[in-house]
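The values are calculated or read from the model by the stated rules, or taken from the named source; none is laboratory data. Values in this document were obtained by computation on a predicted structure and should not be read as measured data. In this analysis, Cβ positions are derived from the backbone assuming ideal geometry, glycine residues included, and neighbour counts consider all displayed protein chains.
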Amino acid sequence: MYGPAPSGWLLVALCAANGAYCLLRMRSHVAEQRRAAGGEALMGFGMAVMAVPASVFTPPAWAWPVLAAVFGSAGLQALWAARTGVRHLHHLVGAGAMVYMAVTMVASTSTSTGEGHGHSGSDVPLLTGFLLLYFVAYVFATGVRLVPVTAVAGGGREAGWGDRPELARACRLSMGIAMVAMLLAM
């Protein structure tokens, strides 16, 4: 991705930690939470890969189309799941944003002159602006919902790592913030 290496590495660490936590959440006793956690783990690890500073490691040219295909598949799965409820639409938008960033990286590496990637400050595409607005609104809405959360254990047993709603929301909040940072870096 773009930007200074220290902030890039912080973004990598944040996204990888979220991905790892989401893998822990997949141990939930609730099937819907396991499915959501799997998609969020994929998003976290994919964002970590995309956030690696280009000054440290430049992925091979085939990596961006592969990421676009992986997140395109995740988007199709989210679209299919959206028929049962609108809560899956956020995953669809997130997967679409990842496809968009991967396609942008393909385009920028094929037309790069060695002076950097991305758009100039005055050349922000409409889709980037829409995604920024969406994720900023998502971050605020998720942050507001995080404040009054109380943990609810299912079935009388103690809540495990996968069944802690406040931790899942904090994970989603930090991934939303990371998405805003990545979109701003484009």
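Here are some notes:
- Residue in segment 30-52 that is in contact with a Pro (Cβ under 8 Å, 6 or more places away or on another chain), part of a loop (DSSP other than H, G, I, E, B), touching a residue at least 12 places away in the same chain (Cβ under 8 Å) and closer than 21 Å to residue 105 by Cα present: yes
- Search result, residues across segment 53-91 that are free of Cβ contacts under 8 Å to residues at least 40 places away in the same chain and under 11 Å from the mean Cα position of the chain (by Cα): 71
- Residue that is nearest to the chain's Cα centre (by Cα), among those in segment 16-48 that are buried (at least 21 other Cβ atoms within 10 Å of the Cβ), more than 13 Å from residue 185 (Cβ to Cβ) and among the hydrophobic types (A, V, I, L, M, F, W, C): 43
Conditions (1) of a type in the set (Val, Ile, Thr); (2) at pLDDT below 90, marked per residue:
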position: 48; (1), (2): no, no
position: 85; (1), (2): no, yes
position: 88; (1), (2): no, yes
position: 106; (1), (2): yes, yes
position: 112; (1), (2): no, yes
